[in-house]
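These notes concern the structure reproduced below.
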Amino acid sequence: MKVSKTFELYGKTYVLESGELAKQATGAALVKQGDTTMLLTAVVSKERKNYDFFPLTVDFNEKMYAVGRIPGGYLKREGRPSEKATLTARMIDRPIRPSFPAGFRNEVQIVATSLVADQKNPFDVICTMGASLALTLGGVPFEGPLACVRIGRNKETGEFIVNPTYEERENSDLDLELAGTRDFISMVEASADEVSEDDMLAAMAFGQEAIGAFCDAQLAFVEEWEQANGPIVAKEYPLDEPVPEVHERVFAHYDEMAAALRDADKLSRIGKVEALKEQIRAEFTEDEQLAWDREIPVELKALEKKAMRTMVVETGERVDGRAADEIRPIMVKGNYLPLVHGSGLFQRGQTQVLSVLALGMLNEWQRLDTIEPVEGKRYMHHYNFPPFCTGETGRIGSPKRREIGHGNLAERALLPVLPSEEEFPYAIRVVSEVMESNGSSSMASTCASCLALMDGGVPIKRPVSGIAMGLIQEEGKTVVLSDIQGLEDFLGDMDFKVTGTEQGITAMQMDNKATGLTQEILAAALEQAKQGRAFILDKMLEVVPEPRLSVRPTAPQIVSIHINPDKIRDVIGSGGKVIRGIQDETGASVDIQEDGTVFIGGDEAAVTAAKEKIELIVKVPEVGEEYTGRVVSIQPFGAFVNLLPGKDGLLHISRVAVGRVDKVEDVLNIGDEVKVKVIEVDEKGKISLDRLEKPHAPGDSGNGGRAYGRGGDRGERRGGPRPGRNAGRHDGRRESGAPYRGELDRDRGDRGERRPRRHHDA
């Protein structure tokens, strides 16, 4: 029977529903925030898989119909998952995975399908609650209920907001996602505008309370479900249980494993550990290996884990001999590659990353085709993890989920310090190439990318560094580790990455397996991370102390100007003819925004030339300005002179020469260059001109010709008798008051005849 429950929490309305859709799945739940609607299904395979790991798969089905759009492309179907879809799937996976019991080997698939995205309420965090409810309704054994919340903070009031809308997120200096149970946090993702450690701890404590409230809402729904449909029957799934005999025989080699682990070189240590494991495996007969084909690998892994963890908590010594808060040796190089727009090499221990910067026009930003109300992004950070960086072979293809997640973390880390488009009108792409990896390559990518940005002349607000923290809880003891390497991440209890400037945190990511992670432990980890970040940042600034004062010569020069939006059509031209002509002639790229902002990019000469051409197109001539123009049209009443691209002015026949001119063609021809001065610009933008350096009219003696006013300025009253045959006539008019012939010529179709006056009836 269908059950639906509506509830309100922290000012938002939610709905949980089940019993109508996807009833053949092991469990299914519909979850809503506002009108945003997500379907979460969970299916557990009937057969146990022969794996030594938990086979969980989480997929996010991003449906464009959820926002009323048809997918782009030829096929008009949803294709490969977007970056947002991948990150959402990871957000669901990370808290769910550690909640299953050890030894669970049945395959589990969780699918999130977007049915409605209302463009107001985000769809990602509510999916974890839906997945938790689907597993609960399906009777699947896991440590639930689980929930995920997003915590924002109003910039003006400092008030925390639970699951803010997209609009509320615009006015927030914090974007913190937490997931877990009522009692502990198992996953953290955050980006922040240089938030202090104390404020971040307060937000996490507030988020933990909110998670508890959403877990209680699930329990209330389950109670109603059982009232309507009967008790939920917990399904029995066989677990891989330790075999005492296998455990004893493997753990008899504890001291040998502890010795093999004490090697600072990753590949050497792995070689020793693998050789010991092969030696132990060889002590089992072929029949025993066949019978315990799952149990032996599990116990070998458990032996390695126990030896490493015990070493840390009992001796305070790590596998590479470091103290708990000690950071591996650091090597920094800026300006590492020639010709590229910026580069930086960062190495910490055996983790090495080369980041390379590319700058482009703003119209080269990444356009996003997702169900979020986001058009695209100007800053792109891509992270590549080729197999050679760990000394392995493998296929190199499209980025995997881990690579997308690590690239997104580094992108979040650096976004708060990037200059605005007005300060730096560039699209920015940074690619982090992992050359060597032994833990915390995402934090090395953050550091290397900061170096590349500074080397490329990007005026970042402050430099950013990052560090990965770990945690070991063993035999009642807790040790926080700085700058963890791969083994400590894999066998430890926590992977806690923190990035920031000297003023505060810009990004965080945490995956936690320990249920006893208290606020005190988190506070200690954040303080230790702050000290580690400062140490790393000092090493970076010793080599690259500040950003270059300008972009490198190989990067495009981009300037921005602002024009009247009414002039945009003049710059673009019919069918884009004008703007294409500017780009073809100068070699510059031109991008015009709707508000009249024009971005011009290219080499310095091209940018200067294109800028001048655009400024000429939009310029409005002013009274008193002088130009050398070209005659483009001749009419009986005067000549039109082109002053600027698309700007013509009228040079009246009375001003083309000194003396009487019967026909404009007697003095000027189309194509002639003429020096003119602007004498009037009327309210409609029509321009009147006067010719400078007037020649004498044909047949004029120099003083007996027909002169129009003093100095050719019609704005002054003409005085005195006209010379020659017109003596006695004043101000260019006959004594009778009739118009002077030059004025009649303006309205005369044929200068050889005088037009009769019009008579109007009274």
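Measuring from the lowest to the highest alpha carbon on each principal axis, how far does the chain reach, largest first, in angstroms?
The Cα atoms of the chain stretch 134, 63, 48 Å along the principal axes, largest first.
How big, in percent, is the set of alpha carbon pairs in segment 3-229 lying more than 20 Å apart?
60
Taking the dipole about the Cα centre of segment 330-543, with the C-beta of Lys and Arg at +1 and of Asp and Glu at -1, give me whichever of Thr518, Gly492, Ile404 is farthest to the positive side.
Toward the positive end, the furthest listed residue is Ile404.
Considering the alpha-carbon set of segment 244-315 alone, what are its Rg and its Dmax in angstrom?
According to the Cα coordinates of segment 244-315, Rg and Dmax are 12.5, 39 Å.
Write down the Kirkwood hydrodynamic radius of segment 221-262, to one decimal in angstroms, obtained as one divided by the mean of 1/r over all alpha carbon pairs.
This gives a value of 14.7 Å.
In debye, nearest 20, what is the charge dipole magnitude of segment 181-296 about its Cα centre with +1 on Lys and Arg Cβ and -1 on Asp and Glu Cβ, if you could check?
Roughly 320 debye, rounded to the nearest 20.
Under a no-solvent Debye model with one identical scatterer per Cα of segment 276-361, what's log10 I(q)/I(0) at q = 0.14 Å⁻¹?
Each listed q maps to, in turn, -0.74.
Using +1 on the beta carbon of Lys and Arg, -1 on that of Asp and Glu, and nothing else charged, what's the dipole of the chain about the Cα centre, debye to 20?
For the chain, the charge dipole is close to 4940 debye.
FYI, it's all coordinate maths here, none of it is from the lab. Note that this is a predicted model, so its numbers are computed, not measured. Neighbour counts run over all protein chains shown; Cβ positions are idealised from the backbone, glycine included.
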